[in-house]
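Each remark here refers to the structure printed beneath this line.
Bear in mind that the values in this text are calculations on the coordinates, not laboratory data. This is a predicted model, so every value here is computed, not measured. Glycine also receives a Cβ, built like all others from the backbone with ideal geometry; neighbour counts cover every protein chain displayed.
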């Protein structure tokens with residue numbers, strides 16, 4: 001039966017549970033037959049013993065034995081009957097306990113096979129003891145295929161040492177360590193797994209096995225890497241832009257500024273400019289700042305608005321600004337993103353021609 005990548009027939013998901021129930025019924029039937037056979041044998045032995053103890057009626061002067069021995073035989077039969085009842089009670093209790101165990105086993109099986117995460121149990125040497133069917137759904141390996149390989153065979157060679165160290169640390173501390181490593185899909189692709197392990201101890205409190213829960217984070221890692229590349233590309237674009245770009249709160253506090261804005265305003269460094277108050281130290285007229293705030297608050301966008309700014313020396317400059325208002329994430333405050341172009345020389349030239 002051919003399966004699509006990452007998919008598995010629904011009939012396969014509960015196959016293990018059906019096998020558990022079938023095996024349990026076989027064991028249950030076998031135990032009941034053994035118990036019936038034991039009860040029959042016990043009764044036959046009791047009857048044989050009773051026939052042996054009963055007096056021979058042809059023996060003379062045996063009236064006292066005829067009275068006493070049947071009482072003993074009846075007592076013996078009663079004891080055997082009570083023993084059989086006790087045996088039935090014990091068997092029913094064992095049957096109830098075993099059924100509870102099998103129900104818990106089925107529950108664990110259903111949880112492990114239907115969970116999105118992959119669950120494995122290994123010994124302290126890394127040999128696999130149990131692998132959930134999630135490995136087959138996600139990585140393409142059946143439990144049987146994994147049992148035939150070592151615990152490190154499918155792990156990327158460059159990641160094996162950190163996995164070994166994490167396993168050693170877990171055994172020593174008893175606390176699971178979360179780590180990421182690459183695991184080879186059956187088709188040959190490398191998947192990224194997020195893993196955490198915990199210790200199973202024996203009755204002496206000594207580490208005996210490790211339970212490992214793996215989660216496929218391949219798509220999440222790809223998205224993070226793509227976002228990082230996008231952010232790096234955007235930051236490179238902003239850093240190298242010829243015009244000033246900044247983010248600021250509605251109260252006039254800079255959040256981010258680019259080097260072009262720092263050079264335009266004449267500050268020594270981006271860090272120095274970041275500490276400046278936009279409303280009082282950059283805008284030449286407070287009315288312009290209020291006008292920009294009102295415009296962005298109402299329409300959430302502005303385009304090609306000319307404003308007068310000033311440098312630390314007090315020298316005025318004319319800038320043409322375009323920007324928009326950005327709603328804060330997770331309940332945070334709104335802020336402005338503004339692109340500013342220095343048009344001082346252009347405006348001065350235009351005034352001279354007039």
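What length, rounded to one decimal in nm, is gained on full extension from residue 84 through to residue 169, with 0.36 nm per residue of separation minus their alpha-carbon distance? Each step should come with its number before you reach the end.
Numbers: separation 85, 0.36 × 85 = 30.60 nm, distance 5.43 nm.
Taking 0.36 nm per residue and subtracting the Cα distance, the gain is 25.2 nm.
In segment 118-217, Cα pairs under 8 Å separated by at least six residues give a relative contact order of 28 percent.
Label separation (residue 287 vs residue 184): 7.5 nm, computed from points 7 Å beyond Cα along the C-beta direction. Fully extending the segment from residue 161 to residue 101 would add 17.8 nm, taking 0.36 nm per residue of separation and subtracting the current Cα-Cα distance. Measuring between their Cα centroids, segment 167-184 and segment 282-315 lie 55 Å from each other. Available extension along the chain between residue 222 and residue 270 is 14.0 nm, counting 0.36 nm per residue and deducting the alpha carbon span. Extent of segment 240-353 along its three principal axes (Cα atoms, max minus min coordinate, largest first): 50, 31, 27 Å.
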